[in-house]
Amino acid sequence: MKSTLLLRELRVEHTLFALPFAYVGAILAARGLPTLYQFFWITVAVLGARTAAMAANRYLDRDIDARNPRTARRALATGQLPGGVMLAAALFGVVLLVVAAFALNPLCVALIPIAALGIALYPYCKRWGWWTHFVLGAVDGFAPLGAYVAVAGTFSVPALLIFLAVTIWVAGFDIIYALMDRDVDLAQNLRSIPARFGEASGRRVPILLHLTMMLLLALAGTLAQVGPLYYLGIAFAAGLAWYEDRLFDRSKNVFVLNERVFVGNMVFSVAFLATTLGGFLWHA
């Protein structure tokens with residue numbers, strides 16, 4: 001069925017990267033649990049943005065995907081799904097995001113053009129420069145920042161630090177992901193850090209980024225005066241960097257490496273959500 005194929009192409013499970021950090025932003029703003037109303041509409045906003053971003057990326061990259069052995073079986077590359085279906089999915093995601101923003105507060109509505117620009121811009125960035133990973137990170141970083149604004153109705157330094165932390169966190173594991181396509185990217189004149197600076201950079205830079213993320217998260221927690229349990233999440237961040245470093249030593253196959261990195265980062269995001277909430281509840 002086309003609906004099943006579409007859901008598979010949109011990789012809904014990847015929402016587990018952005019959604020926990022969106023809840024972190026909401027918890028930071030509420031200094032505890034947000035209301036059920038806020039929780040619901042923040043979830044809708046993240047699902048909408050995630051759907052729009054992935055659908056746009058799949059549609060705009062369909063020709064590139066067709067020339068890459070790793071992605072040549074994707075539904076748009078093979079013609080199993082028409083491009084119009086993916087465009088409709090992107091439009092549906094934008095509608096969800098807009099409706100959620102109006103349900104939350106005016107500042108969320110004002111931020112929609114920035115979010116939409118990021119969603120539309122990211123798929124082209126790999127054609128322009130190696131900084132594409134950081135654009136993707138910033139798009140995901142808007143999840144906690146937007147959720148903070150949804151609850152607080154304003155910005156704060158801790159919220160901006162969480163945004164920066166998520167930006168470089170996502171950039172880090174996207175660089176690892178790009179290792180799988182380094183040779184193909186070079187052949188297609190596409191940009192990434194591994195393609196521009198070599199495979200060794202694709203193995204070293206993510207560790208440095210994830211250590212920097214740890215420092216940014218620690219600073220955000222200190223400024224927000226979160227309770228001690230929050231810092232267990234910082235320990236998880238340090239553990240993630242250590243785990244990835246060990247994987248680089250042991251996993252020569254970059255495809256196996258990415259499967260393990262995917263799971264490790266997903267576990268980290270959920271664990272950090274739990275320790276952030278615990279930090280406020282315990283502190284209270």
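Points worth noting:
- Long-range Cα-Cα pairs in segment 2-283 (distance over 35 Å), rounded percent: 15 percent
- Karplus-derived HN-Hα couplings along segment 159-169 (A = 6.51, B = -1.76, C = 1.60, θ = phi - 60°), whole Hz, x at Gly and Pro: 5, 5, 5, 5, 4, 5, 4, 5, 4, 7, 5
- Under 5 Å, built H, 5+ apart or other chain: amide partners of LEU81: LEU76
- Computed 3J(HN,Hα) for segment 151-158, one whole-Hz value per residue from the Karplus formula 6.51 cos²θ - 1.76 cosθ + 1.60 where θ = phi - 60°, is 8, 8, x, 7, 9, 8, 4, x, glycine and proline marked x.
- Cα centroid of segment 107-160 to Cα centroid of segment 177-208, whole Å: 23 Å
- Computed FRET value (nearest 0.05) for ARG8 with PHE155, which takes r as the C-beta separation and R₀ as 41 Å: 0.65
- A simple rule links phi to the HN-Hα coupling: the Karplus curve 6.51 cos²θ - 1.76 cosθ + 1.60 with θ = phi - 60°, which for segment 68-83 gives 10, x, 5, 10, 5, 8, 4, 4, 6, 5, 8, x, 5, 10, x, x Hz, with x for Gly and Pro.
- The length gained on full extension between ALA235 and VAL184, counted as 0.36 nm times the residue separation minus their Cα-Cα distance, comes to 14.7 nm.
- Built amide H within the under 5 Å cut-off of ARG191, gap 5+: ARG127, TRP128, GLY129
- Taking LYS252, LYS126 and counting other C-beta atoms within 10 Å, the order from fewest to most: LYS252, LYS126
- Dividing the helix sum by the residues of the chain, where each DSSP H run of 4 or more adds -39500 (n - 2.57), gives a mean residue ellipticity at 222 nm of -27500 deg cm²/dmol.
- Projecting the Cα positions of VAL261, GLY279, GLY84 onto the charge dipole of the chain (unit charges on Cβ atoms of Lys, Arg, Asp and Glu, taken about the Cα centre) puts GLY84 furthest along the positive direction.
- Residues THR154, THR212, THR4 arranged by fewest to most Cβ contacts within 10 Å: THR4, THR154, THR212
A short reminder: the numbers here are calculations on the coordinates, not readings from a lab. Remember, predicted model here, so these are calculated numbers, not experimental data. Backbone-built Cβ (ideal geometry, glycine too); neighbour counts: all protein chains shown.
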